[in-house]
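Structure first, commentary second.
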Amino acid sequence: MLKVGLTGGIGAGKSEVSRLLVACGAVLIDADRIAREVVAPGTPGLAAVVEAFGAEVLAADGSLDRPKLGSIVFADPEKLAVLNGIVHPLVGARSRELEEAAPEDAVVVHDVPLLTENGLAGLYDVVIVVDADPGTQLDRLVRLRGMTEDDARARMAAQATREERRKIADIVIDNDVPLPDLQARVREVWADLARRARTE
């Protein structure tokens, strides 16, 4: 099994790269999706978040109001650390379960947005960083995700810098390119990963 850590700044296009890798044959473990699962209604994770931040972070249906929680934690590093302290251990445990269930010869891609920030590079055989110009990231967040420019800049500022991410990368995928170029680059990277998996 080859364990790959996939990361990139918000709006860099990491989700598109992970989709392309899955199409090539990768087993994807998506930390964001798991992070949503572990704070679903009725979970101990959600109870812990409500205990830490109050019932105002709940939507009317009892689910987590993610935009509301985001507006609280992304402006306050201490509160963000509290939230991460609740969610990250739960995500880590579920990720390990999913990895153990993958075939022995699999290329397992862990999509981890905060891989750099949390010093997790050492957990993976290969780290891939999806890289885009900050101007591109900002444009995508405002135009495609409907964020205000201030919100988008705050989210970007809460993450590692482009330079910090590139420093831990074994492979960099430039996503300031047209989709056909990105698809071709991901196919190249997949060939490399498949080769490494065979020799692991």
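Say whether the condition of being surrounded by 14 or more Cβ atoms within 10 Å (Cβ to Cβ), over 15 Å from Gly13 (Cβ atoms) and at pLDDT 95 or above is met by at least one residue in segment 151-168.
Yes, segment 151-168 contains at least one residue that is surrounded by 14 or more Cβ atoms within 10 Å (Cβ to Cβ), over 15 Å from Gly13 (Cβ atoms) and at pLDDT 95 or above.
Only residues that are part of a helix (DSSP H, G or I), among the small types (Gly, Ala, Ser), at pLDDT 90 or above and within 23 Å of Leu28 (Cα to Cα): list them for segment 76-102, please.
Ala93, Ser95, Ala101
Looking only at residues that are of a type outside the set (D, E, K, R) and open to solvent by 30 Å² or more (accessible area, probe 1.4 Å) in segment 48-61, which one is farthest from Leu80 (Cα to Cα)?
Once the filter is applied, the top-ranked residue is Ala60.
Please state which of the following conditions Pro113 fails to meet, knowing it meets all the rest: (1) open to solvent by 70 Å² or more (accessible area, probe 1.4 Å); (2) at pLDDT below 90.
(1)
One residue is enough: does segment 142-149 have a residue meeting the conditions surrounded by 15 or more Cβ atoms within 10 Å (Cβ to Cβ) and not hydrophobic (A, V, I, L, M, F, W, C)?
Initial filter on segment 142-149 (surrounded by 15 or more Cβ atoms within 10 Å (Cβ to Cβ)): 142, 147.
Add one more test, that the residue is not hydrophobic (A, V, I, L, M, F, W, C), and what stays is none.
For segment 142-149, residues surrounded by 15 or more Cβ atoms within 10 Å (Cβ to Cβ) and not hydrophobic (A, V, I, L, M, F, W, C): absent.
Looking at Ala169, Ala194, Ala154, which one is part of a loop (DSSP other than H, G, I, E, B) and more than 15 Å from Ala31 (Cα to Cα)?
Details: Ala194 fails: part of a loop (DSSP other than H, G, I, E, B); Ala154 fails: part of a loop (DSSP other than H, G, I, E, B).
Every option except Ala169 fails the conditions.
Being open to solvent by 30 Å² or more (accessible area, probe 1.4 Å) and in a helix (DSSP H, G or I) is the filter; apply it to segment 21-44 and report the residue that is nearest to Glu164 (Cα to Cα).
Here the answer is Asp32.
Looking at the structure I just gave you, is Gly135 free of Cβ contacts under 8 Å to residues at least 60 places away in the same chain, at positive phi and either open to solvent by 60 Å² or more (accessible area, probe 1.4 Å) or small (Gly, Ala, Ser) (or both)?
No.
Considering only residues of segment 173-182 that are under 18 Å from Pro134 (Cβ atoms) and open to solvent by 40 Å² or more (accessible area, probe 1.4 Å), which is nearest to the chain's Cα centre (by Cα)?
Looking at residues that are under 18 Å from Pro134 (Cβ atoms) and open to solvent by 40 Å² or more (accessible area, probe 1.4 Å), I get Asp174.
Does at least one position in segment 92-108 carry a residue that is open to solvent by 70 Å² or more (accessible area, probe 1.4 Å), touching an Asp or Glu at 6+ places or on another chain (Cβ under 8 Å) and closer than 27 Å to Val57 by Cβ? Before the answer, list the steps.
Step one: filter segment 92-108 for residues open to solvent by 70 Å² or more (accessible area, probe 1.4 Å), giving 94, 96-97, 100-101, 103-105.
Filter once more, keeping what is touching an Asp or Glu at 6+ places or on another chain (Cβ under 8 Å): 94.
The next check asks that each one be closer than 27 Å to Val57 by Cβ; those that pass are 94.
Yes: segment 92-108 contains one or more residues that are open to solvent by 70 Å² or more (accessible area, probe 1.4 Å), touching an Asp or Glu at 6+ places or on another chain (Cβ under 8 Å) and closer than 27 Å to Val57 by Cβ.
Of the numbered conditions (1) touching a Leu at 6+ places or on another chain (Cβ under 9 Å); (2) surrounded by fewer than 19 Cβ atoms within 10 Å (Cβ to Cβ), Val127 satisfies every one except a single condition; which is it?
(2)
The values are calculated or read from the model by the stated rules, or taken from the named source; none is laboratory data. The structure presented is a predicted model; accordingly, all values stated were derived computationally and were not measured. Positions of Cβ are backbone-derived with ideal geometry, glycine not excepted, and every protein chain shown enters the neighbour counts. Quick note on the areas: whole protein, heavy atoms, side chains included, nothing else; ligands and nucleic acids left out. Shrake-Rupley method; radii C 1.70, N 1.55, O 1.52, S 1.80 Å.
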